[in-house]
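Notes follow the structure.
The values are calculated or read from the model by the stated rules, or taken from the named source; none is laboratory data. Treat the numbers as computed from the prediction; the structure is a model and nothing was measured. Every residue, glycine among them, receives a Cβ derived from its backbone with ideal geometry; neighbour counts consider all protein chains shown.
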Amino acid sequence: MDKFIQKRRKREPKAKNGVVKLNSELFSGSISVIGRQRVMEDAVRVVHEFVSVAGNPYDFFGVYDGHGGARVASACKERMHALLEKEVEEEEGGGAVVEWEKVMRSCFRKMDEEVRTGACGGGGGGGAKAEMVGSTAVVVVVGKEEVVVANCGDSRAVLCRGGVAVPLSRDHKPDRADEMERVEAAGGRIINWNGSRVLGVLATSRSIGDHYLRPYVISEPEVTVTERTELDDFLVIASDGLWDAVSNEFACEVVRRCLDGQIKRRISEESSESTVGDAAAILAELAMSRGSNDNISVIVVELKKSSYCNSC
C-alpha cells in the first residue's frame, strides 16, 4: 500500500512579536505571560507545516498549562508536535484519510509515558516531586479542509464561524457530570476545596503527568474534527488563565474587532501582520484587567483574510 503521507522538513516559524505567517498567506499570533503568578508554568508551540497529508500541509498549535512546576508543560512544548508528526506519518490506512482520534490518543499516551519515565528530559520519573507535576494540553491541527482539536484538561479551543463562537473542546472539570462519574467509578472522589478538585487537590480531571493521581486523572484527550467552511473566521486557543475571566463569545468579539481594525493597541507595529498578534495580546491584557490570577497563554489563528487585509 502506498503511503499518502509525504514527509517534509518541519519549519519552526520565525515569529516576530508572536506573529507567524502560515499556509494560505494567513497569520497566527501568540502571547504567553506570567500574569500575577510568581512563576511561569505555561508553554505554547506553533509549527508551520509540521506534516503533509496527500500533499496538503497542516499547521500545529499547542497550549500547555503546567501545574506543580513547568517541567511537563516544557516537555510537551518540545516533544508533542514531533510525536504527532511520527504518528501521522505511520498512519497508512484509508487512503489519504488520517484517523485523527486514533493518532491523537496515541500521541498523548506516548507523551505521558515520556513524562513518566523521564525520557523527555528535565528530570527522570519515579520521584515523588516528579510524580506531582503535570500539564493540561490542547493541540489544534489546521489543514486546508479541517480543524482537528485534541484536548486534555481545561485549556480550550474556540472557533469563530460567521461571527458566532463555536467551542471545539470541552473543559475537563472535576464537577463535569461524566468526568465525576468516571473518577468515582475508578475509586476516586471529587472534593470541593476552593473549587471542585480530584481528591481535593487537582482542579482538572485530565492532564499529562500527575501520575500520583492515577487512575483518577487520565491523559486521554477528547478529539473533535471540524470541517472548514467559508464562514470560518479565526480560532482562539488559550489556557484557562484567559477562559476563567473571559467568555467564548466576548473573546471572539474582541478578536473580530481587532482584525477589523476597530481595536488597536497603543504600542503596535502599523502592519496587517501585527494585528493578529495584537488580538492575542489584547485578550491577555483583558483577562488580567478582569482579575485573572493565572499564567495566560493565547494563540489567535486566522482562517480567512479579514477586511483590514484586502491589500495583503
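Things worth noting here:
- Restricting the first member to the range 29-40 and to residues that are under 10 Å from Gly241 (Cβ atoms), and the second to residues that are part of a strand (DSSP E or B), the beta-carbon pairs closer than 6 Å and six or more apart or on different chains are Ser32/Asp42; Ser32/Val44; Ser32/Ser297; Val33/Ile296; Gly35/Ile296.
For every residue, the table says whether it meets (1) over 17 Å from the mean Cα position of the chain (by Cα); (2) at pLDDT below 95.
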{"residue": "Glu145", "(1), (2)": "yes, yes"}
{"residue": "Val166", "(1), (2)": "no, no"}
{"residue": "Glu179", "(1), (2)": "yes, no"}
{"residue": "Ala186", "(1), (2)": "yes, no"}
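- Per-region count, the range 128-148, residues farther than 16 Å from Ser205 by Cβ, part of a strand (DSSP E or B) and of a type in the set (A, V, I, L, M, F, W, C): 6
- Conditions (1) assigned to a helix (DSSP H, G or I); (2) farther than 18 Å from Val148 by Cβ; number of the one not met by Arg38: (1)
- Checking each residue in the range 149-180 for being within 16 Å of Val236 (Cβ to Cβ) and not in a loop (DSSP other than H, G, I, E, B) picks out Val149, Asn151, Arg156, Ala157, Val158, Leu159, Cys160, Arg161, Val164, Ala165, Val166, Pro167.
- Matching residues, the range 167-184, being touching a residue at least 40 places away in the same chain (Cβ under 8 Å) and surrounded by fewer than 18 Cβ atoms within 10 Å (Cβ to Cβ): Pro167, Arg170
- For Thr117, the conditions (1) without any contact (Cβ under 8 Å) to a residue 12 or more places away in the chain; (2) surrounded by 15 or more Cβ atoms within 10 Å (Cβ to Cβ) are fulfilled apart from (2).
- Considering the range 186-223, and only residues there that are among the hydroxyl-bearing types (Ser, Thr, Tyr) and buried (at least 20 other Cβ atoms within 10 Å of the Cβ), the residue that is nearest to Phe108 (Cα to Cα) turns out to be Ser219.
- Applying the set (1) of a type outside the set (Lys, Arg); (2) at positive phi; (3) modelled with pLDDT of 95 or more to Asn194 leaves exactly one unmet item: (3).
For (1) of a type in the set (A, V, I, L, M, F, W, C); (2) modelled with pLDDT of 95 or more; (3) closer than 19 Å to Arg206 by Cβ, each residue gets a yes or a no:
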| site | (1), (2), (3) |
| --- | --- |
| Ala82 | yes, yes, no |
| Glu89 | no, no, no |
| Trp100 | yes, yes, yes |
| Glu113 | no, yes, yes |
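- Count of residues meeting criterion [assigned to a helix (DSSP H, G or I) and under 21 Å from Asp294 (Cβ atoms)] in the range 190-238: 1
- None of Gly187, Gly241, Gly261 is part of a loop (DSSP other than H, G, I, E, B) and touching a residue at least 40 places away in the same chain (Cβ under 8 Å) except Gly261.
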